[in-house]
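Participant: Let me begin by handing over the structure; questions about it come next.
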């Protein structure tokens, strides 16, 4: 996703999708050039993953303008995305670098496409429910909560949504695994550096070139799978940040860079290249063997990024081993996820109560794991981070009026490691 190494760089200056929700069937958002073989990567299309066929154009830079808003306030801000002049040899580098993007992920719950420009520390998303293009910028928090070094190592090149409902992004060097929430108020947390499993030996997730670039996808059990531009695959546990080398993709053409990854409807993924128009490939996640997909024409769009809502290994999920993210709610509050994962719990006050309230998590012996006092002024979201020593198990979550003693909510939640 990069120039040089970052072949899967994309320029998402404006995006648009109609109000029709995005289907999980064999479709994906693909970031391509104006034409097949073009390296400008400015056009957003919907493609059929089975054949690489174009289903429809979603955004073409020469045809669409976007409205830009602050994600928190909702206020319209300066539009620095519109570009009416066609990309030419003379202005291509300057135009692309302005908003060049190396990572994008689709949030099915709210029908948003998240992305971040390479030269920015800002998280942005496209509202895909709007009849007109709308881009929202998260201004109150930085996606990169660190001073980025010059060069490519701190560029965010992999992004996806996980079964836990959170978005995840990883820098090229693997030193920053970043988690962000979606919904009314986006929150961002830098979880820290990925940690190589002992069995990785020389196959480190931090190795320049071999482990940089590429894309990422979540599985149905809450894990992340990182695919590097060179086809190396790592399984990541976002709780421990441990990255385990799985292997390397086999039977891809020698000149095929892995830049986009999207979920298939079985135990496989579809990969695309930002430079190769020969076709898309299905990769079996058990064997890591690639097989060419059929195509309707001689060439497919070389896609620098793919994104859809499909999770790997979904067909293997049973009620016993399913990663559940159920919500609990009443007219006062909504709580999710349950089980609580990554020590993160979200409490949404639904706008039917005001005043000071205590949010408490109590173990089965009646001891408080935490108590947080919040001042509720209307509909608002509170993100609760459990202590680092939180043990897995059953707890009682209670929300009580500080002054009145009125209980708004009380139910059992499960905390997972």
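Only the coordinates and a few stated rules stand behind these numbers; no lab work does. Being a predicted model, the structure only gives us computed values, none of them experimental.
Participant: Tell me the Kirkwood hydrodynamic radius of the stretch 133-205 in angstroms, computed as one over the mean inverse distance between distinct C-alpha pairs.
Facilitator: After inverting the pairwise mean of 1/r, the radius is 13.7 Å.
Participant: I would also like to ask the following. Evaluate the Debye formula for the stretch 326-415 with equal point scatterers sitting on the alpha carbons, no solvent, and hand back log10 of I(q)/I(0) at q = 0.26 Å⁻¹, in q order, two decimals.
Facilitator: Values returned for q = 0.26 Å⁻¹ are -1.51.
Participant: At q = 0.14, 0.19 Å⁻¹, what log₁₀ I(q)/I(0) does the stretch 275-396 have when each alpha carbon counts as one equal point scatterer in the Debye sum?
Facilitator: Ignoring solvent entirely, the Cα scatterers give -0.79, -1.10.
Participant: How large is log10 of I(q)/I(0) for the stretch 203-289 at q = 0.24 Å⁻¹ when the intensity is taken from the Debye formula with one equal scatterer per alpha-carbon?
Facilitator: Cα-only, vacuum Debye calculation for the stretch 203-289: -1.28.
Participant: Translational D (Stokes-Einstein, µm²/s) of the chain at 10 °C and 1.306 mPa s when Rh comes from the Kirkwood sum over C-alpha pairs?
Facilitator: Answer from the Stokes-Einstein relation: 72 µm²/s.
Participant: Tell me the mean residue ellipticity at 222 nm calculated for the chain from its helices only (DSSP H runs of n ≥ 4, each -39500 (n - 2.57), averaged over every residue, nearest 500).
Facilitator: -500 deg cm²/dmol, from helical runs alone.
Participant: Something else about it: Please report the antiparallel percentage of DSSP beta bridges with both residues in the chain, rounded to the nearest 5.
Facilitator: DSSP beta bridges in the chain are roughly 90 percent antiparallel.
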